[in-house]
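The values are calculated or read from the model by the stated rules, or taken from the named source; none is laboratory data. Note that this is a predicted model, so its numbers are computed, not measured. Note: ideal-geometry Cβ built from the backbone for every residue, glycine included; neighbour counts use all protein chains shown.
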Amino acid sequence: MNTVDEVLDYAIGQEEEVAAFYASLAQRAEKAGMKDVLMDFSREEQRHKERLLAVKQGEHELTPEQNVVDLKITDYLVDVDASDDISYQDALIVAMKRERAAYRLYSDMAGKVPEGELKEVFVGLAKEEAKHKLFFESQYDERVLSDN
Amino acid sequence: MAAGGATTATPTITCFHPKRIEMEMLGPEESVESFTEVVKGYSEEQARLEADRCVECGICVATCPAHMDVPDYIRSIRDGDYAKGLKLMYRTNPFPATCGRICTRRCESVCPVGIQGEPVAIRWLKRFIADQVPADEYQRILNDQPGSSGRQVAVIGAGPGGMSAAYYLRRKGHAVTVFEAEDKAGGMLRYGVPSYRLPDAALDKDLDYIRSLGVEMKFNTRVGRDIQMAELLDGYDAVFISTGLWVPSSMRIQGEEHPRVMAGLRVLDEVANGRDPGIGKSVAVIGGGNVAMDAARVSRRLGAEVTILYRRRIEDMPADPEEIHEAQAEGVRIVIQAIPVEVMDAEQPGRVAIKWGEAEMVPDPNGGRPRPVLQEERMHTDSFDTIISAIGQGSDLDFISKEDQEQLEVKWGKFIAGDYQATRMQKLFVGGDVANRTADAISAIEDGHHAARGIDRFLSGAAGSGAV
Ligand SMILES: Cc1cc2nc3c(=O)[nH]c(=O)nc-3n(C[C@H](O)[C@H](O)[C@H](O)COP(=O)(O)OP(=O)(O)OC[C@H]3O[C@@H](n4cnc5c(N)ncnc54)[C@H](O)[C@@H]3O)c2cc1C
Ligand code: SF4
Ligand code: SF4
């Protein structure tokens, strides 16, 4: 990944893969209501992909805001299986963990490349992923930790 | 008066006493000694004085989820006509002895008497009427004489939602069979709410009257295990589901499967069944809702020192402020903005340790309530005999087949109900905690009543197929 376009293509591919992962899990989901939840997740990833495509075409900028709040909910949760009888709580954990891994990857890359356009893209992608993580963490905070 | 005498204070004229007639309660030292009911109830004279404070504006009626006829039942206290009061209450709520004790009392939050003082004690007055009339007079006074429509309805779950539906369906003459997984009726009111807030005798007074109308009870019968949903849909003219939220959410943190970690619902269930949950002498309760508060207060009664760890602030706790206050008075220590991150063995054998971090509240960028953010440099580890987890609970809808799920609308573990609690499936109605947002007794009771009306319309052909 040496050029901005290569990096964006990689990121777009990742979003596509995650969208497909949720869509296929949705087909197998056994618990009531989980098909819809997972399809919502899949559509969310599709939106991310479209946003990145727009960035690549110069129609959009990567996350302009400064800092995205890190609720740090994900960091202390155990790993869970994305099994067919996945619950809403576990589906959110899977989603949060994926966003966190992506955030980590782009942050690490940003730390490895010299100042310049490429670094900016990695920083921008990391912030995008941090925003996605915040989206899922807020849902977890609201709906799973309802009494906490 | 100021020099010159120019200021004149506007006199405040009130036609009611701003202060509520005080309710006698057990003191905290005494209350933690046993499971005796904490609130003693009004005497006749106290109830009449409290009833006198009502200005009969009727604002509370709209706010009560069941739209109870509050001003009229309060007037019946002033008139000393408790039979009339009881009749009025049963029009919209067949759980007056219960709601008179533990209702979330949204009505009181809008009572205008509260603007310059304390709202009328609507809940305690409801309890007063129910307590005045002996159980063996209910039948004569209420004079419910169900006919026979020839139609049969299955109700799944004998909590307040299911039993309220059963009552109003019987009044319409429909035969009702209630399928209940446990060996007694009452749902979370029996197996969750502890007896120092709601004694079994009060709950049973409500339930026994409903059952006396000829409701058939099938206890120890879990739908999905002992009988299948398809059989009910085939064998009955309509089905009402009110199965509640019985699955404790897991914290999903490292070490949670430690043998000294228990779910709050399990502790409450053990106590309700007269068993000792074996919590030991020092307990940490995780959470800030009803279950956390009751688990903490029950633990105090079992002789434990109790610390509640809660992620947010006191004002964010979903538990009733009155309960939080009573818990604190009973010696429960509340540590706010404390986020558990790991459970492990304590140094002393047989005990458990919990690592938790302090939290800072940050504004929600999307305008929601402030959210706690863990401060990783401020971590603590404490040891206890038991950790009770009470962070929330969800539904178990596995008794619904995959094909039926396709037809039903379920979001975040709850059914989406349409008009009259109907679903998209022919003859299937839903209500209570498993279908509403508020998850309190009176909402479940109202859902049951509403569903009974819907089912009656459906059975009499007034509402087509019954599907939304
Ligand atoms: C600890 C605690 C304290 C609370 N305090 C208050 C309070 O102070 N005030 C208040 O208003 N509310 C309170 N609540 C909430 C209140 O108890 C519930 O809102 C109310 O009981 C919901 O009624 P329901 O009929 O929807 O469900 P539930 O009361 O949960 O009853 C559901 C019934 O369905 C049965 N069931 C489940 N699945 C099946 C199946 N597959 N087959 C057959 N039967 C099944 C269950 O065994 C249960 O009996 C409290 C809850 C808890 C847990
Ligand atoms: S049932 Fe509850 S909300 Fe309704 S009037 Fe009684 S106390 Fe108020
Ligand atoms: S709102 Fe208060 S004053 Fe008005 S009718 Fe209800 S109890 Fe009485």
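Out of everything in the range B:301-310 that is assigned to a strand (DSSP E or B) and within 14 Å of chain A (Cβ to nearest Cβ), what residue ends up being nearest to the chain's Cα centre (by Cα)?
Selected residue: B:I308.
Identify, from the list B:A451, B:A467, the residue that is at negative phi and modelled with pLDDT under 95.
One residue alone meets the criteria, B:A467.
Can you pull out the residues in the range B:187-223 that are assigned to a loop (DSSP other than H, G, I, E, B) and either over 15 Å from the mean Cα position of the chain (by Cα) or within 7 Å of ligand 1 (Cβ to nearest atom) (or both)?
First pass over the range B:187-223, keeping only residues assigned to a loop (DSSP other than H, G, I, E, B): B:187, B:192-199, B:213-215, B:219-222.
B:G187, B:G192, B:V193, B:R197, B:L213, B:G214, B:V215, B:F219, B:N220, B:T221, B:R222 - these are the residues of the range B:187-223 that are assigned to a loop (DSSP other than H, G, I, E, B) and either over 15 Å from the mean Cα position of the chain (by Cα) or within 7 Å of ligand 1 (Cβ to nearest atom) (or both).
Taking the range B:262-300 only, how many residues are away from every other protein chain (no Cβ under 14 Å) and part of a strand (DSSP E or B)?
Filtering the range B:262-300 down to residues away from every other protein chain (no Cβ under 14 Å) leaves B:262, B:266-267, B:269-283, B:297-300.
Next, only the ones that are part of a strand (DSSP E or B) stay: B:262, B:282-283.
Selection size over the range B:262-300: 3.
Just to verify a result, which residue in the range B:108-120, among those that are within 9 Å of ligand 3 (Cβ to nearest atom) and in contact with a Lys or Arg (Cβ under 8 Å, 6 or more places away or on another chain), is farthest from the other protein chains (Cβ to nearest Cβ)?
B:V113
Which number in (1) within 14 Å of ligand 1 (Cβ to nearest atom); (2) at pLDDT 95 or above marks the one condition that B:N290 misses?
(2)
Kindly list the number of the only condition in (1) farther than 22 Å from B:G186 by Cα; (2) within 16 Å of ligand 3 (Cβ to nearest atom); (3) modelled with pLDDT of 95 or more that fails for B:D81.
B:D81 satisfies every listed condition except (2).
Let me confirm something: among B:D456, B:D433, B:D447, B:D398, which residue is part of a helix (DSSP H, G or I), within 14 Å of another protein chain (Cβ to nearest Cβ) and either within 16 Å of ligand 1 (Cβ to nearest atom) or surrounded by fewer than 24 Cβ atoms within 10 Å (Cβ to Cβ) (or both)?
B:D433
Under the condition of being of a type in the set (G, A, S) and away from ligand 1 (no atom under 16 Å from the Cβ), which residue from the range B:32-76 is surrounded by the fewest Cβ atoms within 10 Å (Cβ to Cβ)?
Per the criteria, the residue is B:A62.
Only one of B:S389, B:S395 is touching a residue at least 60 places away in the same chain (Cβ under 8 Å), under 30 Å from B:D269 (Cα atoms) and in contact with a Leu (Cβ under 8 Å, 6 or more places away or on another chain); which?
On the way: B:S389 fails: in contact with a Leu (Cβ under 8 Å, 6 or more places away or on another chain).
Just one listed residue meets the conditions, B:S395.
Output the residues belonging to the range A:6-55 that are of a type in the set (D, E), away from chain B (no Cβ under 14 Å) and without any contact (Cβ under 8 Å) to a residue 40 or more places away in the chain.
A:E6, A:E15, A:E16, A:E17, A:E45, A:E50
Within the range B:323-359, count every residue that is away from every other protein chain (no Cβ under 14 Å) and either touching a Lys or Arg at 6+ places or on another chain (Cβ under 6 Å) or touching a residue at least 12 places away in the same chain (Cβ under 8 Å) (or both).
Qualifying residue count for the region: 15.
Considering only residues that are assigned to a helix (DSSP H, G or I) and surrounded by fewer than 20 Cβ atoms within 10 Å (Cβ to Cβ), which ones fall in the range B:224-255?
Of all residues in the range B:224-255, those assigned to a helix (DSSP H, G or I) come to B:229-235.
Hits for the range B:224-255 are B:M229, B:A230, B:E231, B:L233, B:D234, B:G235.
Collect the residues in the range B:370-395 that are β-branched (V, I, T) and facing chain A (nearest Cβ under 7 Å), keeping them in residue-number order.
B:V373, B:I391
Residues B:A135, B:A158: which one is away from ligand 3 (no atom under 16 Å from the Cβ), among the hydrophobic types (A, V, I, L, M, F, W, C) and in the same structural domain as B:G432 (by TED's automatic domain parsing)?
Numbers: B:A135 fails: in the same structural domain as B:G432 (by TED's automatic domain parsing).
Sole residue among the options that is away from ligand 3 (no atom under 16 Å from the Cβ), among the hydrophobic types (A, V, I, L, M, F, W, C) and in the same structural domain as B:G432 (by TED's automatic domain parsing): B:A158.
All but one of (1) within 16 Å of ligand 2 (Cβ to nearest atom); (2) assigned to a helix (DSSP H, G or I); (3) not polar (S, T, N, Q) hold for B:V120, so report the exception by its number.
(2) is the only condition that B:V120 fails.
Could you please let me know if A:D90 is surrounded by 15 or more Cβ atoms within 10 Å (Cβ to Cβ), within 23 Å of B:G255 (Cβ to Cβ) and charged (D, E, K, R)?
yes
So in the range B:401-424, with the set limited to residues that are part of a loop (DSSP other than H, G, I, E, B), more than 22 Å from the chain's Cα centre (by Cα) and more than 18 Å from B:G224 (Cα to Cα), which one is nearest to the other protein chains (Cβ to nearest Cβ)?
Across the range B:401-424, the extreme among qualifying residues is B:E409.
Given the structure, is B:P94 in contact (Cβ under 8 Å) with a residue 60 or more places away in the chain and away from ligand 3 (no atom under 15 Å from the Cβ)?
Working: in contact (Cβ under 8 Å) with a residue 60 or more places away in the chain: yes; away from ligand 3 (no atom under 15 Å from the Cβ): yes.
Spelling it out, B:P94 is indeed in contact (Cβ under 8 Å) with a residue 60 or more places away in the chain and away from ligand 3 (no atom under 15 Å from the Cβ).
May I ask you to list the residues in the range B:288-322 that are in contact (Cβ under 8 Å) with a residue 60 or more places away in the chain, over 26 Å from B:V373 (Cβ atoms) and hydrophobic (A, V, I, L, M, F, W, C)?
Within the range B:288-322, B:A295, B:V298, B:A304 qualify.
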